[in-house]
Structure formats: C-alpha cells, structure tokens
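Read the structure below first, then the notes.
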Amino acid sequence: MELLAPAGNFQCLKAAVACGANAVYLGMEKYSARASACNFNSENLLRAVEFAHLHGVKVYVTVNTIIKDGEMQDAIERAIEARNAGADAFIVQDIGFICELKKRAPDIVLHASTQMGISNAYGARFAEKLGITRVVAARETLCEDIRDIKDKTGLEIEFFCHGALCVAYSGNCYYSSLVSGCSGNRGKCLQLCRKKYFKGNDSGYFLSAKDICLVDKVAVLRDAGVDSLKIEGRMRTPEYVAETVSVYRKAIDGVSAESDLDRLKRVFNRGDYCKAYLLSPTENVIYSKVQNNIGVEAGTVAWVNAGKAKINANIELCAGDGVKYLRNGCEIGGGLIDGNPTGFRGDVKRGDEVRLTSSRNLESEIEKLNTNIPVSVSVSLDTAKGAAITLSCAGATVTVCGKDGVVKAQNKPLSEADVKKVVGLLGETDFALRDIVVNSEENIFYPASLIKDMRKRAVEELRKKLLDEFSRKRVSCNNSFEMPKINWLQCKPSSVFVQVANSETLPSIKFDYDYVVLSPRDYGDFDKIASECKRLGEKAVLNLPVIARGGDKEILRKLKALPWKAVVANNVSHFEMFDGFSFIGGTGLNHINASFGGTFVGSIEREKLGDSLTYAFGKPPLMHFAHCPRRSEGKDCKGCSGYDIRMKDDKGAYVRFCRVKEKYCYGVLVPELPINNISVANSGGMLLDFTYATAREIEAVNTQMLTGCEYSLTCTHGNFNKKLQ
C-alpha cells in the first residue's frame with residue numbers, strides 16, 4: 001500500500017521523504033487547487049522531482065482546477081513540461097483539459113482528482129474511458145463502493161486517510177465563487193464554510209467539518225481495495241507532514257502505538273477528528289464550536305492571577321509551545337508558553353481546558369531531519385591495479401577508477417586514516433557516509449586531489465544511476481486516446497427548460513417552455529415520479545442527483561426504467577449509469593470550456609456567456625452535503641420528513657440548507673436570493689430553475705418573460721461580467 005504525502009513546499013517534501021512516504025503530490029504555480037501553497041516553478045519542480053526520485057519516491061503533480069478556454073494551451077504546455085521534468089503522474093479534474101491533454105500526450109499518466117466526485121464504479125468506468133489509471137475516490141465513498149470499483153475496473157484507488165474534510169461533496173463548491181468570484185474549484189476558496197452562522201437564537205460554525213483520521217482503519221481500507229493512502233495538507237507545516245507520514249507509515253507496516261493519535265493531534269486537529277463517511281453514509285462530521293486547530297489535551301487551568309495562568313499539565317509543556325484554552329468546547333483564549341504560570345490572551349479562567357496546538361521541540365526536531373542517502377564506500381589502492389572507489393546504496397553500485405597510477409611512497413606514505421579523511425562524510429552531496437572500507441598496499445602514495453576527483457565522479461555516477469533506474473520503473477499509458485461518445489440531447493437553439501421539484505409548480509408558469517426538468521426532493525418516491533414522467537411525455541427530463549453511493553444506485557436504476565426524453569448528468573458516473581439515454585450536462589459538471597463539447601448548462605461560475613444553455617434564473621446549489629444536520633444536533637431519523645433550515649452569515653446574507661433524499665438523505669445549500677440573467681441569455685437556450693423559488697419570484701419571472709421588463713425583485717447576476725479567479 002502506497003503512502004502519499006502532501007508537499008506544499010520543499011521543506012514539506014523533505015519531511016515526507018525522510019519520514020517514509022512512497023509518493024508526494026505537489027502543485028505548480030498555476031492550475032493547482034491549493035493556489036495559496038508555495039507551489040513549484042519550473043526550476044524547483046525539476047529539483048524536487050530529482051530529489052524525490054533519488055530516494056525512490058514518486059511525484060504526482062496537481063493540475064486539478066477547472067480551466068478556461070483561454071488557459072487551455074498554457075495548462076497543457078505546463079503539464080507536458082512537468083512530465084518532461086520527470087513527474088510520474090498528474091492529478092486532474094477538468095474533463096475538457098483531460099481530453100485535450102490526452103490528445104497531445106497519450107502516454108501521460110492521469111489520476112482523477114477527488115473533485116471529479118467519483119464515488120462508485122460507474123464513475124470509475126467513465127474515468128477509464130478518459131485514459132485515467134487511478135481515481136482519487138471522493139471522501140464520501142463507502143467501503144462497498146471502493147470494493148465495487150476494484151472489482152469492476154482496472155483502476156488503482158487512492159483514498160484520503162487524514163486531514164481536512166471539505167464539507168461540500170468532493171470539494172465541489174460554488175459558494176466562494178458566487179460571493180466573491182474567488183473559486184474553490186480554481187484553488188481560491190475563501191472557506192466560507194469555516195465562518196460563524198446564525199440560526200434563530202443559536203450561532204456556531206454549522207458548516208465547519210472536523211478533520212479526518214483513519215489511522216485505525218488502515219487494514220479496513222487495504223482490504224476494501226485501496227492502493228494508496230493520501231494525507232491532505234499542502235497548506236500545512238513540515239511538522240504536520242513529518243508526524244502524519246511517520247504515524248501512517250507505522251500503521252501500514254503494522255507497528256502502531258497508543259501514543260500515535262496524540263502525535264497526530266498535536267500537529268493539527270479539527271474537532272477531535274471523525275471517520276468521515278467510512279462507517280456511516282450520513283455521519284455527523286460537523287464541529288460547530290471551534291473552526292480551527294484544537295490540538296491535543298494538555299491539562300486544565302489551576303488558577304489565574306495578574307495576567308498569568310497556572311496550568312495543571314498532563315503532558316510536558318515547554319517554552320515556545322502554542323496552546324489554546326477552551327470552555328465548554330469553545331475557544332476563549334490562547335498564547336505561547338513562557339513558563340508556568342504563563343502569559344495568555346483572552347478570557348481565561350480557572351477550570352478551562354488547555355490544548356497543545358504546536359510544539360517548539362517538534363519544530364526543532366524537524367529542522368534537523370537528515371535526508372541524505374546512506375552510502376557504503378570502498379576504496380582500493382594498489383600499485384598493480386591502480387586506484388578505484390566503489391559506492392553502494394539502495395541496490396545500486398558504481399565503481400570509478402583513478403586517473404593516475406598508485407606508486408610507492410618516497411616520503412610520507414598514505415595511511416588509511418588519510419584516505420577516510422579525504423573521502424569525508426559526503427555532506428555536500430545527496431549522500432551520507434554509512435561506512436567505509438579501505439583496501440590498500442602498505443607504503444604507497446596517491447594524491448588527495450585524485451581521491452577527491454574519484455569521489456566526485458562516483459557520486460555523480462551513483463546519482464545518475466539511481467535516477468535512471470527509477471526512470472525505467474516509471475509507468476506510462478501507451479494507448480491512443482479517443483474521446484468517449486455521448487448521446488447528447490439535440491434541441492433547438494432557443495429552447496427553454498424549466499426546472500421544478502414537482503409538477504405542482506407548472507400551473508404557475510405562464511410563458512411557453514419546451515422541456516420540464518424534474519428535480520425531486522425525494523428520488524425514492526417512484527410512483528409519484530413515474531406519474532409525472534408519464535404526464536409530461538416528450539417534455540420530461542430528469543435532473544440526476546450529484547451524489548450516488550451504496551443503496552442510492554438502486555433508486556436511480558429504478559428511475560432509469562422510465563421513458564425520459566433526456567437526463568441531466570451532474571456527475572461523470574451518470575454517463576455510464578444512464579448509458580443509452582440522451583444527455584444534458586448539468587451545473588454539477590461545472591462546464592466552463594468548449595474542449596468537451598455537447599449540450600451543457602453552462603457553469604454557474606462562468607464569467608461570460610458561451611454557446612451552451614444559460615442558467616438564466618434560479619437558486620443554484622452552492623454545496624451538496626453528505627452529512628445530516630439533525631444528527632449534528634444529536635437528533636435521529638425518527639419522525640423526520642425533511643428539513644429546510646434558514647441560516648444567516650456574519651454579513652447578514654441568508655442561505656438555506658434543504659434536504660434531498662435518495663436511499664440516504666443529503667443536503668443542499670442554496671442562496672436566499674436568486675441569480676437572474678434572463679435579459680442577457682443568448683440564443684443557445686436557457687434553464688429557468690424554480691426548484692427553490694417562491695410564488696412571488698415565479699410571478700416576477702413570468703412578467704419578465706412575457707413582457708421583456710426587468711425582473712422586479714432583488715436578485716444577483718452571479719459571476720456574469722465578473723472575472724472568475
């Protein structure tokens with residue numbers, strides 16, 4: 001099982017390599033979903049790849065944002081440049097970019113990013129058709145679906161085992177983008193989910209997810225078919241990388257210790273961790289009291305006096321350690337340890353909980369990490385055979401001969417100690433001396449400068465041999481690429497689609513429309529959906545849910561038996577699951593470029609109109625959730641008929657958290673105010689989404705559509721004519 005570590009900068013890369021990672025993933029300066037990480041330019045990417053490969057560690061480069069048409073050529077060239085620098089694979093999200101890259105470089109190795117939202121074998125099979133060799137499964141993927149992917153495809157499976165959990169399904173979030181133009185799907189997320197929200201008289205971090213920790217489930221993941229355990233954290237510290245890699249290395253090797261969980265918590269810990277959805281499809285993953293690192297339990301406050309707090313510590317606290325103080329689970333202060341009693345900031349009182357959030361000793365340990373490769377050296381000095389030096393490490397051996405002969409000493413002979421001193425500790429190279437053997441005749445002489453020359457040439461030969469041997473082991477895809485064939489719905493350019501939760505909304509729509517897109521609140525209500533499909537006839541289109549896991553798939557397979565005119569694909573799995581149907585690409589596919597053509601509803605993130613259908617009106621899903629807000633509040637499913645929760649952010653803007661049901665219950669976050677771009681929609685057709693619209697909003701759209709007047713209510717225009725960052 002591979003252990004894959006984050007490398008947000010060179011220090012993190014060294015920590016990952018030194019502590020036992022088999023592979024690292026890192027980003028370039030552009031097109032990386034962690035734009036705020038240090039990332040790597042052309043020069044230091046080459047250095048990073050060579051460093052990793054010398055240690056037998058693979059490098060996966062993230063090109064995992066959505067790509068604009070005007071960026072496509074540059075993105076392809078940068079990926080090919082990184083491939084030529086030795087990158088072993090690329091983590092990608094954008095379907096159009098994948099197709100263009102495979103056309104240009106069919107041998108390039110691609111891994112489907114978690115942001116492609118692949119959580120079942122249908123999505124994995126579509127990824128295979130795109131020439132992908134590995135899927136980074138959505139964090140929401142169930143064990144049964146991991147097994148299904150392994151059984152039904154030839155793909156490797158990568159799975160996040162530790163780190164931040166994006167509360168939005170697979171990280172597909174449009175909230176940040178529609179608020180500011182800063183797209184999480186382009187690495188610029190403002191993390192609005194980590195803000196405080198207000199719900200009636202309550203306030204808290206109601207959208208902030210705990211971190212994942214699956215260190216005790218490594219065997220479960222291995223048995224399910226996971227090939228690579230992935231640690232999240234390209235924005236985190238070298239200490240975090242070192243500790244998480246060390247602990248998960250032990251877990252994979254079967255030598256874990258009870259103290260390992262505390263080691264993980266002291267470097268970063270949101271909410272005392274969760275198992276994500278590995279054990280339950282709608283697990284409570286929210287920690288509403290604190291939205292950042294709470295570290296590991298360290299003791300309690302004994303007393304406070306004159307701005308100092310005396311700590312009853314249950315672990316060692318040292319000068320320079322960072323601590324937070326919690327009361328009833330909520331953060332009320334913090335500071336750096338400067339003694340005991342110690343200074344602090346905030347409203348700290350007797351009895352408050354103390355949590356260690358950073359360790360100065362650990363930082364010092366990480367600074368001393370040695371990544372030089374241990375080498376065995378043998379030096380031979382013989383008047384008949386000449387001089388030679390042999391270096392051996394990691395199964396590779398090189399021998400370099402001296403340029404001149406060895407002669408009998410005229411004055412002071414060369415001793416074994418002299419040879420060892422000249423060879424040195426190899427400290428200025430990628431290597432470190434493990435041991436040295438000197439085989440020498442007595443009373444001989446050989447210049448120190450020539451021994452140094454042999455050592456230098458031997459080091460370069462060994463370095464080249466290690467890199468060459470690693471290169472020979474690299475995998476490539478030699479098959480030619482052919483874009484998957486999809487049966488797109490053929491409709492007239494000016495077609496009008498209306499989207500509703502059920503047909504009861506239709507009588508209130510007064511203008512003409514060509515198709516009705518059903519977006520049910522309960523996909524399991526088969527009889528009602530079948531009746532509506534039959535009544536709508538040639539106008540009937542089914543909007544498919546973004547998430548389909550476990551028992552959800554059976555619900556959707558049942559709906560497949562109905563005579564839909566077309567279905568709206570919001571996840572790549574739908575192309576396989578509903579094979580044989582006519583398709584419309586939905587907003588869930590986030591279509592912003594023309595490289596994967598077809599009948600699409602343009603992304604709600606896009607900054608200008610294109611040739612696709614315009615999302616002209618509606619309250620689009622800002623996020624899809626797999627967790628249940630009722631369970632977050634300690635409630636159960638008994639008596640639940642759904643929820644529609646109104647929340648306000650710290651700036652007074654409202655959003656709604658609504659339930660959508662398949663086999664499992666899922667959540668959708670929608671804005672209170674609709675997007676309205678009806679007046680600028682082009683001849684490519686439009687979608688008017690009334691799924692969450694009020695009667696007043698529908699009536700205002702009626703007036704606008706029938707008279708051409710401006711929309712009379714408050715609305716937004718999304719990213720239209722606003723630069724998408």
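The values are calculated or read from the model by the stated rules, or taken from the named source; none is laboratory data. Note that the structure is a prediction, hence the values are computed from the model and not measured. Because the Cβ atoms are built from the backbone with ideal geometry, glycine has one as well, and the counts that use them run over all protein chains shown. For accessibility, only protein heavy atoms count, side chains too; no ligands or nucleic acids. Shrake-Rupley method; radii C 1.70, N 1.55, O 1.52, S 1.80 Å.
Before moving on, here are some points about what is shown:
- Applying 1/(1 + (r/R0)^6) with R0 = 25 Å to the Cβ-Cβ distance of SER480 and ARG222 gives a FRET efficiency near 0.15.
- Ligands, DNA and RNA excluded, the heavy atoms of HIS627 present near 0 Å² of accessible surface to a 1.4 Å solvent probe.
- For the chain: accessible area per residue (Å², 1.4 Å): 41 Å²
- Taking the C-alpha atoms only, the angle from helix 95-104 to the longest principal axis of the chain is near 50 degrees.
- Local net charge near GLY718, Cβ-Cβ under 10 Å (Lys/Arg +1, Asp/Glu -1): 0
- Ligands, DNA and RNA excluded, the heavy atoms of ARG125 present near 80 Å² of accessible surface to a 1.4 Å solvent probe.
- Helix 143-152 and the longest principal axis of the C-alpha atoms of the chain enclose an angle of approximately 80°.
- Spatially proximal aspartates and glutamates relative to LYS723 (Cα-Cα < 16 Å; intrachain offsets below 8 disregarded): ASP69, GLU71, GLU605, GLU607
- Summary of the geometry: the range 491-516 and the range 316-367, compared by the centres of their Cα atoms, lie 59 Å apart.
- Accessible heavy-atom area order of GLU710, GLU554, GLU532, highest first, probe of 1.4 Å: GLU710, GLU554, GLU532
- The range 605-694: chymotrypsin sites (Phe, Trp or Tyr not before Pro) in DSSP loop, at most 15 other beta carbons within 10 Å: TYR643
- Checked against a 19 Å cut-off, the cross-linked pairs LYS150/LYS553; LYS528/LYS661; LYS275/LYS648; LYS196/LYS308; LYS210/LYS289 give Cα-Cα distances beyond that limit for LYS275/LYS648; LYS196/LYS308.
- To the nearest ten degrees, helix 72-84 and the longest principal axis of the Cα atoms of the chain are 30 degrees apart.
- For the chain, the convex hull drawn through the C-alpha positions has a volume of 180 cubic angstrom per residue.
- Heavy-atom accessible surface of the chain: percent carbon and sulfur, 1.4 Å: 47 percent
- Ellipticity estimate at 222 nm from DSSP helix runs (n ≥ 4, -39,500 (n - 2.57)) divided over the chain, nearest 500: -7500 deg cm²/dmol
- Sequence of THR703, THR65 from largest to smallest accessible area, 1.4 Å probe: THR703, THR65
- Shape of the range 669-725, Cα gyration tensor, a/c cut at 1.5: oblate
- Oblate is the label for the range 255-294, because a/c, from the alpha-carbon gyration tensor with a ≥ b ≥ c as root eigenvalues, is 1.5 or above and a/b does not exceed b/c.
- Solvent-accessible area of CYS709 with every protein chain in place, 1.4 Å probe, in Å² to the nearest 10: 70 Å²
- Our summary gives the chain a relative contact order of 13 percent, counting only alpha carbon pairs under 8 angstrom and 6 or more residues apart.
- For the range 341-389: rounded, prolate or oblate by the Cα gyration tensor [a/c cutoff 1.5]: prolate
- Exposure ranking of TRP303, TRP488 by accessible area [1.4 Å probe, largest first]: TRP303, TRP488
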